[in-house]
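Below: one structure, written as structure tokens.
The values are calculated or read from the model by the stated rules, or taken from the named source; none is laboratory data. Quantities reported herein were computed from a predicted structural model and do not represent experimental measurements. Here the Cβ positions follow ideal geometry from the backbone for every residue, glycine too, while neighbour counts run over all protein chains shown.
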Amino acid sequence: MEKIPTLRHLLFTVLLAANAAAADPAPARVIPLQDLPLLFVDDGGVASRRDLVRRQHPARSHPKPIVVADRPWEGDRVYVFGTILHNPAKQLFEMWYVGVPGAGEILAHTQKVYVEGFREGGATPLLYATSRNGVDWDKPSLGLYAFNGSKDNNIVFDLDSATIIVDKFERDPSRRYKMVAYSTNKYWSAVSPDGLHWRNDPATPILDDGDTVTMAQNPVTGEFLVYHKKPQPGSDYDRRVVWLSRSMDFRNWTQPELVLVPDKIDDTWVTRPGERTEFYNMSVFPHAGGFLGLPTIFRVEYEGARGSTGPGQSRWAGPIDVEIASSLDGRQWQRAWPRMNIIPQGDPGTFNGGAILGLATAPVHYGRETWVYYTVLTTNHGGAMPPKRIAIARAEWRRDGYVSLDAGPEGGRLETVPLRFARPELILNADARLGQVRAAVLEADGRPIAGLGFAESEPLREDTIKGAMRWRGGARVPTDRPVRVALELTSTRLYSVASTYDATGDTGN
């Protein structure tokens, strides 16, 4: 006869299971250090830190607009709800941006078809420009689409807010460039072999609703992450918020999930009915430890009745700033603290004195600098044209210099989670002119590795974006297994840890 277990026996069994689980913890997260650096925008790559202060660093703005509307098919404004990439084969920067012919009619959704071959409903033209220095841009005659009967223009497609990536995982050369964009109140995808000749794939929309959109790609899995705008369900005033849809094959997409919404802190400025904070969009790009997001924070001060606005004027008025957010997986997001505008704006009436409407999909790294291109307004979102002007501007940081971990004269210590190095090099982006950094490499479980301790570390005492750490005796970082990096810092700002260095634009400093 089978015995019925007693309560004491059941409790003993539960305790044994709990002890077994405690004795066999889940493996620690391992971050691959391949082509991307590990940034310290959050503690996702940090196992422990002591006496280090996280600090955000606002960009400096390039002193003049980068691109302005000066072609008939651009209308009176240009936007970079798009992408800027450096093409090493062409030794050029490439920009995909948007012009708006007939801008006053777009607000009423009655834009005419200005370009032969564009889809019914009339889309704003997607345009292409190139540059050798990232400042002076050429608008080449491509001969692809006829505008008012002439193909002497730089039009490449008929989608708006186009976000483009070059897919390193793609084996079919005809699909190497990938785009997600907006038209006719829907989101569409497209592919291209060269970034110039595009076709919709599939031929039907991939997501409902439509407006601004950005796309990122997981550098390890290849998954596509599309962040797009649609209203928050059940919210007053249909607040603009950020949604995410994902795909592994660029054809089948998950149902959108809400990933970023304003909170009570965002609305502390509100004093009158109708005022609220919204997220106009969010550009997202990966680093080794996760994703960094640049959400645009729209403080809606006034909403007028449709039809009562002036030429080229939106019914929603208010400033738009840019803040920092971060995520380990691209789905769960946290906001940087303190919440601050990290792209300062100019004086009222200047080219960048109003609002930041949106940012390019990803930054450009060149030499010692990181550039983020963005759409800038001379007035807030609700200004009339004129005096409102809309152009493309550029924010500039030191390489990967959005956030640092800072140590004072008394010193601080950092230890990372396990990292798997692609190369046997530990490269630091740090400013140690007033102090120094020493490094140790540990086994994944924290045990020291002979020859790679603090005692053997040659100190780093310079301001560098590519500081290769060295150990007396010549020991190198293991690449056959995960290891941890420990750093002792004094009077130093640490921006990133990497195993490779992108030498694009390197001038030797």
- Message: Being farther than 29 Å from residue 56 by Cβ and either assigned to a loop (DSSP other than H, G, I, E, B) or in the same structural domain as residue 491 (by TED's automatic domain parsing) (or both) is the requirement here; does residue 476 meet it?
- Response: yes
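From the set of residues in region 436-463 that are in a strand (DSSP E or B) and without any contact (Cβ under 8 Å) to a residue 40 or more places away in the chain, which is nearest to the chain's Cα centre (by Cα)?
Looking only at region 436-463, we keep the residues that are in a strand (DSSP E or B), and these are 436-443, 448, 457, 460, 463.
Applying the additional criterion that residues be without any contact (Cβ under 8 Å) to a residue 40 or more places away in the chain yields 448, 457, 460, 463.
Details: 448: 36, 457: 34, 460: 30, 463: 25 Å.
Per the criteria, the residue is 463.
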- Item | Residue, nearest to residue 296 (Cα to Cα), within region 237-250, restricted to residues that are charged (D, E, K, R) and surrounded by 12 or more Cβ atoms within 10 Å (Cβ to Cβ) | 240
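So which of 68, 100, 53 is in the same structural domain as residue 407 (by TED's automatic domain parsing) and at pLDDT 60 or above? Before the answer, list the steps.
Working: 68 fails: in the same structural domain as residue 407 (by TED's automatic domain parsing); 100 fails: in the same structural domain as residue 407 (by TED's automatic domain parsing).
Residue meeting the stated conditions: 53.
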- Query: Taking region 473-505, which residues are among the small types (Gly, Ala, Ser) and either out of contact with any His (no Cβ under 9 Å at 6 or more places or on another chain) or surrounded by fewer than 17 Cβ atoms within 10 Å (Cβ to Cβ) (or both)?
  - Reply: 473, 474, 475, 486, 491, 498, 499, 503, 505
- Message: For region 74-102: of the residues being in a loop (DSSP other than H, G, I, E, B) and of a type in the set (Gly, Ala, Ser), which is nearest to residue 358 (Cα to Cα)?
- Response: 102
- With the checklist (1) of a type outside the set (Ser, Thr, Tyr); (2) in a strand (DSSP E or B); (3) within 30 Å of the chain's Cα centre (by Cα) in hand, flag the one item residue 433 doesn't pass. (2)
- Item | Failed item in (1) closer than 21 Å to residue 240 by Cα; (2) assigned to a strand (DSSP E or B), with residue 391 passing the rest | (1)
- Looking at 178, 230, 264, which is the one that is assigned by TED's automatic domain parsing to the domain that holds residue 359 and assigned to a loop (DSSP other than H, G, I, E, B)? 264
- Message: Considering only region 361-381, I want to know if a residue exists there that is surrounded by 19 or more Cβ atoms within 10 Å (Cβ to Cβ), small (Gly, Ala, Ser) and under 20 Å from residue 243 (Cα atoms).
- Response: yes
- Query: residue 318 fails exactly one of the following numbered conditions: (1) at negative phi; (2) surrounded by 15 or more Cβ atoms within 10 Å (Cβ to Cβ); (3) touching a Lys or Arg at 6+ places or on another chain (Cβ under 7 Å). What is the number of that condition?
  - Reply: (1)
- Considering only region 267-304, state which residues are under 30 Å from residue 365 (Cβ atoms), assigned to a loop (DSSP other than H, G, I, E, B) and among the aliphatic types (A, V, I, L, M). 288
- Query: Can you name the residue in region 202-230 that is surrounded by fewer than 21 Cβ atoms within 10 Å (Cβ to Cβ) and charged (D, E, K, R) and, of all such residues, is nearest to residue 185 (Cα to Cα)?
  - Reply: 209
